[in-house]
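The values are calculated or read from the model by the stated rules, or taken from the named source; none is laboratory data. Quick caveat: nothing in here was measured; it's all calculated off a predicted structure. Neighbour counts run over all protein chains shown; Cβ positions are idealised from the backbone, glycine included. All accessible areas refer to the heavy atoms of the entire protein, side chains included, with ligands and DNA or RNA removed. Shrake-Rupley method; radii C 1.70, N 1.55, O 1.52, S 1.80 Å.
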Amino acid sequence: CDVYLELSKPVFGSEPGKAKAQQAVLHKCLDAAMRLLHPTMPFVTEELWQRLARSPGDTDSIVIAPYPEVEAGLVDAEAEAQVKAMLEAVGVIRSMRDSYALKPSQRPTVYIKCRTAEMQATMQTQTDNIQTLAKTGELKVVGADGEVEFGCGMRPVGDAMEVHVLLKGMVDLDAEIAKLEKSVASKTKEVQKIKDTMGAPTWDKVPANVKEQTSAKNDSLQVEIAALEKALETFKQLKAAQ
């Protein structure tokens with residue numbers, strides 16, 4: 001996939017002698033992809049497949065090559081969950097870079113504050129990947145009580161993490177304060193809507209699973225609002241210190 005290609009580039013570029021594992025994975029994926037697509041795109045896939053390096057036991061043509069089957073032993077739910085969390089953090093960092101109009105050459109220090117020890121351990125294993133995909137400078141993963149340098153912009157990643165990007169001297173403080181105030185107002189409106197729903201006379205008739213989901217959503221929003229308000233206060237302090 002595109003993510004694996006991006007993560008492989010640093011290895012191909014700086015450590016070509018250590019790239020055999022990445023090459024093997026990409027070859028396996030391309031081979032399987034060509035065989036999967038062959039019934040609907042026979043001529044193109046045959047041409048591309050013939051250009052792949054041959055492996056022992058390969059047939060002479062993709063036409064008679066066996067169709068790919070699921071290899072249950074390669075399914076790793078834990079790894080998939082870790083990569084999913086990593087990509088969510090990367091998505092927020094990229095969004096912040098766009099929002100703050102940071103140039104590609106600017107590599108800000110980033111803190112990821114995790115609310116659980118499990119998430120902290122996961123993010124610590126993904127630091128290199130996050131730096132590559134999000135184009136950050138130094139990346140520090142801290143726990144819920146960890147210290148974050150003053151002068152950071154913050155956005156929550158759901159209720160599991162917070163991304164803090166060090167922005168001192170890089171952004172328009174007035175614009176960021178306005179954005180945060182708008183976000184706080186929007187989240188607060190959502191919370192009020194949930195409270196109105198939970199306080200309605202018909203709430204007692206709502207199924208238990210829906211009540212649980214609504215309550216969890218309310219709790220998550222409260223966590224996000226608290227984090228946004230803290231970030232807002234930080235920007236206001238930065239502006240006052242100018």
Checking GLU224 against (1) open to solvent by 30 Å² or more (accessible area, probe 1.4 Å); (2) assigned to a helix (DSSP H, G or I); (3) closer than 25 Å to GLY151 by Cα, the condition it does not meet: (1)
Within segment 122-152, considering residues that are part of a loop (DSSP other than H, G, I, E, B) and among the β-branched types (Val, Ile, Thr), the one most open to solvent (accessible area, probe 1.4 Å): VAL148
VAL75 being farther than 29 Å from GLU176 by Cβ, in contact with a helix residue (DSSP H, G or I) (Cβ under 9 Å, 6 or more places away or on another chain), of a type in the set (Val, Ile, Thr) and open to solvent by 40 Å² or more (accessible area, probe 1.4 Å): no
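So which residues in segment 210-235 are under 19 Å from SER186 (Cα atoms) and in contact (Cβ under 8 Å) with a residue 40 or more places away in the chain?
Selection gives ASP219, SER220, VAL223, GLU224, ILE225, ALA227, LEU228, GLU229, LYS230, ALA231, LEU232, PHE235.
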Qualifying positions in segment 102-119 - under 19 Å from VAL148 (Cα atoms) and open to solvent by less than 50 Å² (accessible area, probe 1.4 Å): PRO108, THR109, VAL110, TYR111, ILE112, LYS113, CYS114, MET119
Matching residues, segment 82-101, being within 19 Å of PHE235 (Cα to Cα) and open to solvent by 20 Å² or more (accessible area, probe 1.4 Å): VAL92, SER95, ARG97, ASP98, SER99, ALA101
Failed condition for GLU176, given (1) under 30 Å from GLU138 (Cβ atoms); (2) out of contact with any Gly (no Cβ under 8 Å at 6 or more places or on another chain): (2)
Total residues in segment 153-206, condition assigned to a loop (DSSP other than H, G, I, E, B), without any contact (Cβ under 8 Å) to a residue 40 or more places away in the chain and over 14 Å from LEU238 (Cα atoms): 3
Subset tally (residues that are more than 12 Å from the chain's Cα centre (by Cα) and part of a helix (DSSP H, G or I)) for segment 87-121: 9
Residues of segment 201-221 satisfying the condition of being of a type in the set (A, V, I, L, M) and either surrounded by 13 or more Cβ atoms within 10 Å (Cβ to Cβ) or touching a helix residue (DSSP H, G or I) at 6+ places or on another chain (Cβ under 9 Å) (or both): VAL206, LEU221
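From the set of residues in segment 189-200 that are touching a Ser or Thr at 6+ places or on another chain (Cβ under 7 Å) and among the β-branched types (Val, Ile, Thr), which is surrounded by the most Cβ atoms within 10 Å (Cβ to Cβ)?
ILE194
Considering each of GLY91, GLY57 in turn, give the residue that is within 26 Å of GLU149 (Cβ to Cβ) and of a type in the set (Gly, Ala, Ser).
Numbers: GLY57 fails: within 26 Å of GLU149 (Cβ to Cβ).
The match here is GLY91.
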Filter result for ASP159 (open to solvent by 70 Å² or more (accessible area, probe 1.4 Å), of a type outside the set (A, V, I, L, M, F, W, C) and out of contact with any helix residue (DSSP H, G or I) (no Cβ under 6 Å at 6 or more places or on another chain)): no
